[in-house]
Amino acid sequence: MKYSIIQPEKRFSNLQFKPKIESDGQISSSIFTCGKCKTQVSFDTDDLQEHFGVNKSILEDRVKCFFDQVRPLDEIKWEYFFDFACKNCGMQIRIIYQPWQFGLTVYGFYITYVIEIDASEL
Ligand SMILES: [Zn+2]
């Protein structure tokens with residue numbers, strides 16, 4: 001499989017996701033634009049929170065294993081991933097992100113890498 005590692009700012013409108021804090025109730029969101037077909041999808045802090053500490057993927061096992069091999073997660077940096085496929089063109093996408101401590105037990109997240117596999121390469 002042929003893959004590309006992309007600088008996340010080329011795909012996301014915003015790389016920093018703030019947690020929901022009681023005082024303002026705001027969470028951060030960011031628009032992802034598919035590098036192939038330009039379809040847009042919105043993510044927010046809750047989406048990343050949901051995958052935090054979870055080693056699960058919605059993609060096929062072989063794709064997940066491939067992503068794991070080509071760009072292993074750095075456990076010391078507490079990296080996690082979020083896998084999805086573009087709803088329009090089927091691009092297989094992995095987002096790698098890290099937490100940053102916002103409060104004593106509250107974390108925000110920032111996106112560090114995007115890895116893509118074109119559906120025609122599967
Ligand atoms: Zn697409």
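Any read-out appearing in this document is the output of simple, stated calculations on the displayed coordinates, not a laboratory observation. Remember, predicted model here, so these are calculated numbers, not experimental data. As a convention, Cβ positions derive from the backbone with ideal geometry for all residues, glycine included, and neighbour counts pool all protein chains shown.
List of remarks:
- Local charge for E116 was computed over the other residues whose Cβ lies under 13 Å away, with Lys and Arg +1 and Asp and Glu -1, and equals +3.
- For trypsin sites (Lys or Arg not before Pro), the sites in the stretch 40-98 that DSSP calls loop and that have at most 15 other Cβ atoms within 10 Å are K56, K77, K87.
- For the chain, the relative contact order is 30 percent, taking Cα pairs closer than 8 Å that sit 6 or more residues apart in sequence and dividing their mean separation by the residue count.
- Fraction in percent of alpha-carbon pairs per bin - 10 Å, the chain: 13, 46, 32, 8, 1
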